[in-house]
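Beneath this line is the structure, given in structure tokens, with notes to follow.
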Amino acid sequence: MLGDMGLNWEPDILGEGYRCLTLDLGEDDEGPLAATLVGFTPDPVAERPGERLRRTLRGLLPGTRRDPEPVHAVIYVHGWADYFFHTELAEFFAGHGMSFYALDLRKYGRSLREGQTEGFVNDLSEYDADLEAAMAAVRLDLRNRLGPQVPVRISLMAHSTGGLVASLWAHRNPGRIEALILNSPWLELRGSSMVRGAAAGLLEPLARMRPKARLVLPELDFYWRSISREADGEWDPHPVWKPRMSFPVRAGWITAVLAGHAQVAKGLDIQVPILLLASARSTIAAKWTPDMTETDSVLDVSAMVQRGLLLGPEVTVFRFDGALHDVLLSARPVRELVYTRMGRWLDGFIPRP
């Protein structure tokens with residue numbers, strides 16, 4: 001999948017400094033499966049005069065050889081009907097001294113192939129293969145670039161449904177990551193656990209017999225309006241990878257999500273520092289309102305925060321006035337505050353090299 005020594009990186013659509021790698025995941029009933037890893041490699045800072053010579057001498061002189069210091073990397077995982085395009089985020093982590101990567105999961109974004117059912121899985125644990133392949137590629141990439149003995153430490157950052165996927169994976173795989181950062185994670189159905197239980201019971205027979213059956217739900221473009229430059233936002237989302245009306249909701253997929261919510265409600269045991277970023281308020285309505293340009297118009301942030309406290313023993317919650325569902329797509333003043341506070345948190349748990 002990754003080759004013995006090399007990785008077949010290609011230029012990415014985001015332009016200079018960005019590259020992408022296709023991760024082979026085998027096949028399913030719709031054909032070949034792949035995930036896509038995006039890497040950000042900023043222009044290196046020129047070394048001070050004589051630094052390379054000094055580094056070489058330190059390695060040759062008796063008593064000066066030291067074990068290599070670890071390099072910290074972060075892998076970002078997107079949400080539902082989404083893909084990675086957050087160049088500001090990549091630059092933020094690079095500025096913190098961390099190597100940045102992002103993962104477009106199977107059947108999303110760069111990984112979506114013709115004839116595939118967008119975003120569909122029957123069980124969220126299917127994404128384990130995507131995450132494992134990405135982590136293996138990150139380690140190989142960094143060791144190819146920095147040396148085979150360099151210790152690699154990996155953290156995860158994830159948004160919305162990706163936050164649910166990453167949380168469940170971290171719970172099942174203790175000791176694999178250094179930290180978990182969640183950007184408005186989808187940890188509970190809107191309403192309550194009783195609503196979730198009733199919905200799961202009604203959907204289970206359909207999900208078992210016709211997992212790809214499309215549910216008839218209202219098609220709303222409120223979130224798209226809040227982020228797109230064509231309406232009230234500041235961004236240019238890809239029309240296929242992040243469509244105006246989102247992806248169709250399938251019975252098997254939503255049942256898998258509800259099962260994930262049920263696991264979270266029982267409590268997880270993620271033994272690493274967790275940071276949860278969310279808007280201060282939600283606006284859930286059947287008609288467009290200007291409040292949707294400065295609130296979470298997708299999820300109930302109160303339920304989100306309550307469930308977030310069940311993820312592990314060390315959870316920090318930052319809520320931001322004026323933030324959207326994806327806090328990193330909020331208005332610039334809000335984003336600047338998000339990055340400032342996230343940087344302070346990282347300074348405490350993953351100090352800059």
Under 5 Å, built H, 5+ apart or other chain: amide partners of Leu25: Leu33, Ala34, Ala35
Cross-link partners among lysines for Lys242, C-alpha distance below 30 Å, same-chain residues fewer than 8 apart left out? Lys107, Lys212, Lys287
Among Ile254, Thr295, Ile274, flag the residue with its Cα farthest along the positive direction of the charge dipole of region 244-312, charges on Cβ as +1 for Lys/Arg and -1 for Asp/Glu. Ile254
From phi via Karplus (6.51, -1.76, 1.60), per-residue ³J(HN,Hα) for region 296-302 in Hz, x at Gly/Pro: 7, 9, 10, 10, 7, 5, 5
Order these by the 10 Å Cβ neighbour count, fewest first: Leu189, Leu105, Leu124, Leu324. Leu124, Leu189, Leu324, Leu105
Degrees, to the nearest 10: 251-266 long Cα axis against longest axis of the chain: 70 degrees
Roughly speaking, what is the centre-to-centre gap between region 291-353 and region 70-94 when only Cα atoms are used, to the nearest Å? 15 Å
What value, in deg cm²/dmol to 500, does the helix sum -39500 (n - 2.57) over DSSP H runs of n ≥ 4 give at 222 nm once divided by the residues of the chain? -10500 deg cm²/dmol
Given 0.36 nm per residue, what is the gain on full extension from Asp269 to Asn8 after removing their alpha carbon distance, in nm? 90.3 nm
Between Asp232 and Asp128, what is the label-point separation in nm under the 7 Å Cα-to-beta-carbon projection? 4.2 nm
Per DSSP, loop trypsin sites (Lys or Arg not before Pro) in region 69-132 with at most 15 further Cβ within 10 Å: Arg113
Output wanted: per-residue J couplings in Hz (rounded whole) for region 160-167, from phi through Karplus 6.51 cos²θ - 1.76 cosθ + 1.60, θ = phi - 60°, x for Gly and Pro. 6, 4, x, x, 5, 4, 5, 5
Quote the charge dipole size of region 124-269 about the Cα centre in Debye, to the nearest 20; the model charges only the Cβ of Lys and Arg (+1) and of Asp and Glu (-1). 320 debye
Farthest toward positive dipole pole in region 84-175 [+1 Lys/Arg, -1 Asp/Glu at C-beta], among Pro148, Gly115, Ser125: Pro148
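If you stretched the chain out fully between Asp291 and Arg332, how much longer would it get, using 0.36 nm times the residue separation minus the C-alpha to C-alpha distance?
That pair, Asp291 and Arg332, stretches by 13.1 nm at full extension.
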Just want the ordering: Asp326, Asp130, from fewest to most Cβ atoms lying within 10 Å of their own Cβ. Asp326, Asp130
Rounded to the nearest 20 debye, what is the charge dipole size of the chain about its Cα centre when +1 sits on each Lys and Arg Cβ and -1 on each Asp and Glu Cβ? 780 debye
Rounded to the nearest 20 debye, what is the charge dipole size of region 233-353 about its Cα centre when +1 sits on each Lys and Arg Cβ and -1 on each Asp and Glu Cβ? 180 debye
For region 285-329 the mean separation of alpha carbon contacts under 8 Å (6+ apart) over residue count, i.e. relative contact order in percent, is 56 percent
Computed ³J(HN,Hα) along region 228-236: with the Karplus parameters 6.51/-1.76/1.60, θ = phi - 60°, integer Hz and x for glycine or proline, the list is 7, 5, 6, 10, 10, x, 10, 10, 10
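Laboratory data are not the source of any read-out in this text; all were calculated from the coordinates shown. Everything numeric in this text was worked out from a predicted model, so none of it was measured. Using ideal geometry, Cβ is built from the backbone for each residue, glycine included, and neighbour counts are taken over all protein chains shown.
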